[in-house]
Ligand code: B1M
């Protein structure tokens, strides 16, 4: 097993200290920060995503892997910024107005970051106007909305309508998800995309931004 495979393996296992150590060792050995990110970390997170989808890994394990990923990213980020590293795209993410469920939204954010997107997480209880303002301010290409309550789902529709009123629907795509949300509902409110779980959200975001 080479160093980057070992890094990916430890990331999957959520071994934060080991992941930090291996990231530093790889840098000392002259491995490029972009390669460490793409082959070691993103490669590892891809496997975490697949295992989570197949119910071979569960939320606490995903969160442990994410912590390890963030620790390694803290080491790599200054170097990546120095080399002109470009994120795949920018996503403004949040749980909709009057909804405080955040676990699924956080998982989606973790997986998107792990896949190479820059995620601007607005937290929970995000009103339509805030999604739009943040997307414009940050020049984001995608707004991701999570809803866990039947009562809060209409806020997704409101955001999409506000986006249309502002004439931004061709520049900023929308993706929706959350336990109560379905493809049918997404079609009904004319969201650009729907994803059932966090790994599918990564695939859908790439599709919407025409990266695959
Ligand atoms: Co709430 N709650 N809750 N709750 N809660 C549900 C959602 C509920 C289904 C439970 C039930 O009755 N069986 C029900 C909603 C019923 C409905 O509307 N149809 C419910 C209710 C009613 C409520 C309260 C109203 C209860 C009350 O106070 N009477 C209240 C509302 C508060 C509010 O938001 N205003 C409430 C409160 C809470 C807690 C605070 C206690 C807590 C949240 C803690 C937190 O997040 N910090 C909580 C929890 C934990 C749940 C359950 C048990 C679990 C939710 C969860 O985290 N799942 C939930 C029951 C359930 O879903 N089984 C329930 C794990 C998470 C990984 O899954 O969020 O679905 P999920 O995310 C998935 C996918 O959906 C998808 O990817 C994720 C990962 O694969 N996904 C996206 C999510 N967002 C996405 C966005 C995307 C794409 C994919 O694109 C942008």
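No value in this document is a laboratory result; all are computed from the given coordinates. Note that the structure is a prediction, hence the values are computed from the model and not measured. Glycine also receives a Cβ, built like all others from the backbone with ideal geometry; neighbour counts cover every protein chain displayed.
See the values below:
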{"item": "0 to 90° range, to nearest 10: angle between helix 103-114 axis and the chain longest Cα axis", "result": "50 degrees"}
{"item": "Residues 117, 58, 131, 52, sorted so that the one with the fewest Cβ neighbours within 10 Å comes first", "result": "58, 52, 117, 131"}
{"item": "The chain, helix-only ellipticity at 222 nm - DSSP H runs n ≥ 4, -39,500 (n - 2.57), divided by all residues, nearest 500", "result": "-16000 deg cm²/dmol"}
{"item": "For the chain, built as a Gaussian network whose Cα springs stay under 10 Å, the top-fluctuating residue of 190, 137, 61", "result": "137"}
{"item": "Sorted peptide list for 35-42, 181-188, criterion being average Cβ within 10 angstrom, highest first", "result": "35-42, 181-188"}
{"item": "Rounded tilt (10° steps) of 3-12 against the dominant C-alpha axis of the chain", "result": "50 degrees"}
{"item": "Cα-derived Rg over Rh, computed across the chain with Rh taken as Kirkwood radius", "result": "1.00"}
{"item": "Among 179, 135, 198: highest mean-square fluctuation, GNM of the chain, C-alpha pairs under 10 Å", "result": "179"}
{"item": "Shape of region 125-177, Cα gyration tensor, a/c cut at 1.5", "result": "prolate"}
{"item": "The chain: angle of helix 16-28 to the longest principal axis, Cα-based, in degrees nearest 10", "result": "60 degrees"}
